[in-house]
Amino acid sequence: MERYFQPEIECASREQIQAWQDERLVKKVRDVYEHVPYYRKKMEEKGVTPDDVRSTADLHKLPFLTKDDLRDAYPYGLLARPLSDCVRIQSTSGTTGRRVVAFYTQNDIDLWDTCCARAIVAAGGTKDDVVHVCYGYGLFTGGPGLNGGSHKLGSLTLPMSSGNTERQIQFMCDLGSTILCCTPSYAAYLAESIYERGVRDKIKLKAGIFGAEAWTEEMRQDIQNKLGIKAYDIYGLTEISGPGVSFECSEQTGMHINEDHFIAEIIDPNTGEVLPEGEKGELVFTSITKEAFPLLRYRTRDICVLSRKKCSCGRTHVKMSKPMGRSDDMLIIKGVNVFPSQIETVLMNKGYPANYQIIVSRENNSDRLEVQVEMTPEMFSDSVSEISKKEKELIDALKAMLGIYAKVKLVAPKSITRSEGKAVRVIDNRNLY
């Protein structure tokens with residue numbers, strides 16, 4: 001029997017959902033036009049005023065927002081409320097090390113918690129469950145999002161954060177965790193660790209909510225088999241709120257978007273043209289209830305498909321497929337956004353030539369990042385110990401920029417293959433999409 005956190009919203013008629021979106025979009029466009037000079041200027045450049053937007057049918061008239069806009073407006077340029085009304089920031093890395101900072105009023109936090117509570121209930125959660133959250137906490141949205149959703153639902157919440165696998169497993173056994181929330185790669189690692197310790201029969205998990213990185217159906221089946229659970233996908237991005245923008249139900253055929261809070265479009269990434277339902281393109285989101293940091297027509301760069309096909313779970317909100325790739329060069333490694341431009345910035349600042357290659361692989365269900373960097377002819381004559389020292393310096397500098405460990409290998413000058421066209425900077429061997 002399917003359960004819902006807010007059945008009157010999650011199972012609302014298409015007409016009702018459309019009415020909510022029309023009313024909230026009109027109000028939000030006027031709000032942003034009046035309170036965000038940066039966005040008002042973009043609208044005026046496109047010749048659009050709030051009077052031109054009377055329903056979602058007029059959404060296409062509005063300009064897009066991109067990561068570049070967030071960088072240009074950093075930190076307060078897209079804020080739609082006085083700072084005194086804001087109670088929280090969350091953050092993620094940007095393209096060149098300048099972070100994306102998103103602001104929240106208390107109402108924004110409450111709505112975010114609600115979206116995550118819906119996701120937990122869709123995974124079979126109730127107030128009698130023990131929700132084990134080992135997404136990272138702090139600026140990353142994963143931990144705070146699922147933590148808030150679990151509280152909203154009234155479940156016993158274990159705010160474990162990431163790492164310390166020994167303690168994770170001890171608490172799972174001792175406290176009877178029933179729902180696991182983390183990245184899929186960490187879930188796979190936990191499954192292996194549980195088997196190694198011979199405590200599979202002491203684990204009471206029934207479901208997992210896994211997001212923040214791409215994962216295949218094969219990986220889902222592997223996790224489900226090893227942990228004896230049902231594994232649910234969840235999607236979100238810091239710029240829009242965090243996890244809970246959309247979530248999977250028992251059907252596991254895509255993620256229901258919380259359409260009372262977000263309007264989704266699919267566009268041709270090259271032309272910006274809105275594509276019809278069922279066509280593959282870039283996902284664009286408009287926040288219609290966010291107060292502090294409402295983004296209109298934000299280009300996510302994720303490639304996917306939208307479907308309004310009737311769902312057996314009874315929910316009526318549109319579904320998005322798992323992202324099938326990206327329209328930019330961003331990599332998601334261990335749940336962290338990594339841009340080649342960030343790595344290039346570190347290398348150039350350290351005096352290395354712009355000849356490098358990023359190799360991503362997955363070993364034992366964990367992401368591995370290696371950066372191969374060409375040495376200058378002068379460096380090439382250095383001793384082995386001197387080269388090792390330089391590699392260690394780059395490892396430290398990259399960790400400071402990216403927030404994760406990257407193996408560094410200094411290679412001979414001109415040893416990385418040259419291309420006559422666009423340089424092949426990234427080799428991703430994970431086969432995620």
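Please go through the stretch 307-328 and pick out each residue that is assigned to a loop (DSSP other than H, G, I, E, B) and of a type in the set (A, V, I, L, M, F, W, C). Before the answer, list the steps.
Going through the stretch 307-328, the residues assigned to a loop (DSSP other than H, G, I, E, B) turn out to be 308-318, 321-325, 327-328.
Hits for the stretch 307-328 are Cys311, Cys313, Val318, Met324.
Scanning the stretch 340-365 for residues that are charged (D, E, K, R) and either touching a Leu at 6+ places or on another chain (Cβ under 6 Å) or farther than 14 Å from Leu398 by Cβ (or both) yields Arg362, Glu363.
Evaluating Ile109 against the criteria (1) touching a residue at least 40 places away in the same chain (Cβ under 8 Å); (2) under 19 Å from the mean Cα position of the chain (by Cα) leaves one unmet condition, (1). In the stretch 187-220, which residue that is at pLDDT below 90 and assigned to a helix (DSSP H, G or I) is farthest from Ser246 (Cα to Cα)? Here the answer is Glu192. Scanning the stretch 165-186 for residues that are closer than 21 Å to Ile404 by Cα and either part of a strand (DSSP E or B) or touching an Asp or Glu at 6+ places or on another chain (Cβ under 9 Å) (or both) yields Cys181, Cys182, Thr183, Pro184, Ser185.
Before we move on, is Leu25 farther than 18 Å from Ser241 by Cα and modelled with pLDDT of 95 or more? Criteria not met by Leu25.
Among the residues of the stretch 109-164, those identified as among the aromatic types (Phe, Trp, Tyr) and in a loop (DSSP other than H, G, I, E, B) are Tyr135, Tyr137, Phe140. When the stretch 329-374 is examined, which residues are found to be hydrophobic (A, V, I, L, M, F, W, C) and assigned to a loop (DSSP other than H, G, I, E, B)? Passing the criteria: Met330, Phe339, Ala354. I'd like the residue in the stretch 190-245 that is free of Cβ contacts under 8 Å to residues at least 60 places away in the same chain and of a type in the set (S, T, N, Q) and, out of all such residues, is surrounded by the most Cβ atoms within 10 Å (Cβ to Cβ). This residue is Gln224. Scanning the stretch 38-55 for residues that are out of contact with any strand residue (DSSP E or B) (no Cβ under 9 Å at 6 or more places or on another chain) and touching a residue at least 24 places away in the same chain (Cβ under 8 Å) returns Tyr38, Pro50, Val53, Arg54, Ser55.
The values are calculated or read from the model by the stated rules, or taken from the named source; none is laboratory data. Everything numeric in this text was worked out from a predicted model, so none of it was measured. Using ideal geometry, Cβ is built from the backbone for each residue, glycine included, and neighbour counts are taken over all protein chains shown.
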